[in-house]
Amino acid sequence: MRARLIPVLAVMILAATFLRAEDKPLELLTTGLQVQGWEGVGRIDLGRNGFCTGALISERVVLTAAHCLYHRDTGQRFADSDIVFRAGWRNGRAAAEGRVARSVIHPHYDPQGGLQFSNVSHDLALLELIHPIRTLGVTPFAVFSEARSGDQVGVVSYGRGRSEAPSLQERCRVLERDSAGVLVMSCSVDYGSSGAPVFATLNGQAHIVSVVSATGTRHVAGTQSAVSLGVSLGTRLEVLRAALEMRDRRFIQPPEAGNAAPRAMSTGGGARFLRP
């Protein structure tokens, strides 16, 4: 069966020229030695034949992109019971896997909101697994809240033509950080890479600094060059963590007029995500 890939959203960006001379190519991690240390990154299988990428940030919580949780063609949200996280998926086997008990999407993300940076900047979701993953070698990643223009980063992702093993781009660059919190990067991503963790090294350890949301092109000397878009974390991630702590059963509903705080919504009654 041919897999239907969950797309990295397409966007056109016109900006200044940049150099990729220092970027490293993608490396497919096909052996146990190559994948060592990256087993906390996994493939998120959605429904019957869609997938994205995600990463453990605790034993029970996976960080990914919000748009991954919506069916590409129908726009309907996947049921949590139809989502499986396969940590370290490689050559038909996972180092560990877990089904999803519930999920939260940032309240300012609009699945019908298009590619405006104000929407892309909130393209974040958390998946809470039914059971914690405590498999030896599958270690959650720490999160660092910000990345800046010029920072060296790396990405571990699955994607079109490489769905059976993760790929590492050890070195790429943050070209700029938009005021909305969107990172424009030189990193190589493709369909299925949505939700992939963007890493920076701090004190010798890889920390997540962003999540891949979109791919697009950038105008360079009369030609178009590929770029990727990432979401800054910081307070956006804290909103999602707070929603889980409040035992929100599905996602957070945008605040009503005059009410400054988002309110929790239970899955009871088949509640659906509302546009902000």
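Values computed for the structure shown
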item	result
Count of segment 197-225 residues which are assigned to a loop (DSSP other than H, G, I, E, B) and without any contact (Cβ under 8 Å) to a residue 12 or more places away in the chain	3
Qualifying residue in segment 85-94 (condition: loosely packed, with under 15 Cβ neighbours inside 10 Å, of a type outside the set (Gly, Ala, Ser) and farther than 30 Å from Met246 by Cα)	yes
Options Leu29, Leu63, Leu56, Leu46: the member that is aliphatic (A, V, I, L, M), touching a helix residue (DSSP H, G or I) at 6+ places or on another chain (Cβ under 6 Å), surrounded by 18 or more Cβ atoms within 10 Å (Cβ to Cβ) and at pLDDT 95 or above	Leu29
When residues of segment 210-236 are limited to those that are in contact with a strand residue (DSSP E or B) (Cβ under 9 Å, 6 or more places away or on another chain), among the hydrophobic types (A, V, I, L, M, F, W, C) and farther than 16 Å from Thr64 by Cβ, the one modelled with the highest pLDDT	Val227
Filter result (hydrophobic (A, V, I, L, M, F, W, C) and within 20 Å of Asp23 (Cα to Cα)) within segment 155-178	Val155, Val156, Leu168, Cys172, Val174, Leu175
Single residue of Ser163, Ser118, Ser103 found to be among the hydroxyl-bearing types (Ser, Thr, Tyr), buried (at least 23 other Cβ atoms within 10 Å of the Cβ) and farther than 21 Å from His207 by Cβ	Ser103
Hey, Ser194 touching a residue at least 60 places away in the same chain (Cβ under 8 Å), farther than 22 Å from His106 by Cα and under 16 Å from the mean Cα position of the chain (by Cα) or not	no
Residues (over 11 Å from Leu63 (Cα atoms), aliphatic (A, V, I, L, M) and within 15 Å of the chain's Cα centre (by Cα)) located in segment 201-211	Val209
Residues (more than 13 Å from the chain's Cα centre (by Cα) and either under 14 Å from Ser193 (Cβ atoms) or polar (S, T, N, Q) (or both)) located in segment 30-44	Thr30, Thr31, Gln34, Gln36
Index of the failed condition, Ile130 passing every other in (1) closer than 23 Å to His67 by Cα; (2) out of contact with any Phe, Trp or Tyr (no Cβ under 7 Å at 6 or more places or on another chain); (3) surrounded by 14 or more Cβ atoms within 10 Å (Cβ to Cβ)	(3)
Qualifying positions in segment 66-78 - exposed (fewer than 15 other Cβ atoms within 10 Å of the Cβ) and within 20 Å of Arg241 (Cα to Cα)	none
Qualifying position, being surrounded by fewer than 18 Cβ atoms within 10 Å (Cβ to Cβ), under 27 Å from Arg102 (Cα atoms) and either touching a residue at least 40 places away in the same chain (Cβ under 8 Å) or among the basic types (Lys, Arg) (or both), among Glu146, Glu245	Glu146
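The values are calculated or read from the model by the stated rules, or taken from the named source; none is laboratory data. Everything numeric in this text was worked out from a predicted model, so none of it was measured. Don't worry about glycine lacking a Cβ; one is built from the backbone with ideal geometry, like all the others, and counts go over all protein chains shown.
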